[in-house]
Amino acid sequence: MSEAFGGPHGAPVSNRVPVLRLGDVLLVTLQGDLHDSTAQQLQDDLAESIVRSGAGGVIMDISGVEIVDSFLGRVLAEIAAQTDLLAARTVVVGMRPAVAITLVELGLTLPGMRTALNTEAAMELLTGQAVSSHFGGPRRESQ
Amino acid sequence: MHTAAGSQARLPIRSDMDLVWVRQHVRQAAAQIGFGLVDQTKLVTAASELARNTLIYGGGGTMETEPLTDGGARGLRLTFADEGPGIADLEQALSDGFTSGEGLGLGLGGARRLVHEFAIDSAPGAGTMVRVTSWVGRPPRPREES
């Protein structure tokens, strides 16, 4: 089970989480064990980044996150809610099975949160939606 | 800060940095005792909830870890103690949705669902002590329907 643990070198990181831009989408990768203050800083930074860049979507990759407690769960839910208000959409990607099992038991099911199993699926979800909402979409769906 | 996991240890809970150390220590101790990945995750999550309560409501305190054996069974006991204002209504504090500070109010009730044994001792003005224990390989507690 040692692969799931940072060990003596998995020192806590207290700096900012980088926000990358990929076309119309902002990509955030959470790694390891986050300080509460780092998570809150990210929430503020993301709101700024969305407005500044006009991005239509945010992908939050949490595949490197070993636990989500009620604090981090609340931050994720608030990020999703605030991006909605800023005309963007958040997709949470890569939640570990053990994290999902634990969150449900904890009572935090995050019903409004969009999720995808990987970044490609999230990108499809976001760009598909962005296209259809902005232009009525070149989508191949029958009327 | 490098207590050999598997031995008794006491960690301070004074800042959100300490919450990170608490989680890492519990993860390491649980892995060494032989908890599987899902059970490690549950125990670390419970510890994070309880340590945050100690920090936010209790004004800081300590966590003690203690490996246990009971016959052939191995377990880990975590004790969170603070000398804060204490809790007047324990039943209310354990119900989902109750919070007197930040958070979703899932801290105590949520943590209780993630462990096998849960005990709390608190009174107004007398601080709070929460003790949780989980055992390797034991199925989760039966769900309480409410």
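The values are calculated or read from the model by the stated rules, or taken from the named source; none is laboratory data. What you are looking at is a predicted structure, and each value in this text was computed from that prediction instead of being measured. Here the Cβ is made from the backbone with ideal geometry for all residues, glycine too, and neighbour counts use every protein chain on show.
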Worksheet item: Any idea which residue in the stretch A:9-33 is farthest from A:T119 (Cα to Cα), counting only those that are modelled with pLDDT under 95 and among the hydrophobic types (A, V, I, L, M, F, W, C)?
Response: A:A11
Discussion item. Out of everything in the stretch A:25-50 that is among the β-branched types (V, I, T) and within 20 Å of A:R96 (Cβ to Cβ), what residue ends up being farthest from the chain's Cα centre (by Cα)?
Written reply: A:T38
Discussion item. Could you tell me how many of the residues in the stretch A:69-121 are facing chain B (nearest Cβ under 10 Å), modelled with pLDDT of 95 or more and not in a helix (DSSP H, G or I)?
Written reply: 1
Discussion item. Suppose the filter is within 14 Å of chain B (Cβ to nearest Cβ) and either modelled with pLDDT of 90 or more or outside any helix (DSSP H, G or I) (or both); does A:S49 pass it?
Written reply: no
Response to the item:
Contact list, first residue from the stretch B:103-119 and modelled with pLDDT of 85 or more and surrounded by fewer than 23 Cβ atoms within 10 Å (Cβ to Cβ), second anywhere and of a type in the set (A, V, I, L, M) and assigned to a helix (DSSP H, G or I), beta-carbon distance below 6 Å, six or more apart or interchain, is B:G109/B:L94
Practice prompt. Would you mind listing the helices (runs of 4 or more DSSP H) fully within the stretch B:12-94 where at least 3 residues are touching a helix residue (DSSP H, G or I) at 6+ places or on another chain (Cβ under 6 Å) and without any contact (Cβ under 8 Å) to a residue 12 or more places away in the chain?
Written response: B:37-56
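Here is a yes/no grid of residues against (1) more than 14 Å from every other protein chain (Cβ to nearest Cβ); (2) crowded, with 23+ Cβ neighbours inside 10 Å; (3) under 16 Å from the mean Cα position of the chain (by Cα); (4) modelled with pLDDT of 90 or more:
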site: B:A51; (1), (2), (3), (4): no, yes, yes, yes
site: B:T54; (1), (2), (3), (4): no, yes, yes, yes
site: B:A73; (1), (2), (3), (4): yes, no, no, yes
site: B:R77; (1), (2), (3), (4): yes, no, yes, yes
site: B:G84; (1), (2), (3), (4): yes, no, no, yes
site: B:A88; (1), (2), (3), (4): yes, no, no, no
site: B:A93; (1), (2), (3), (4): yes, no, yes, no
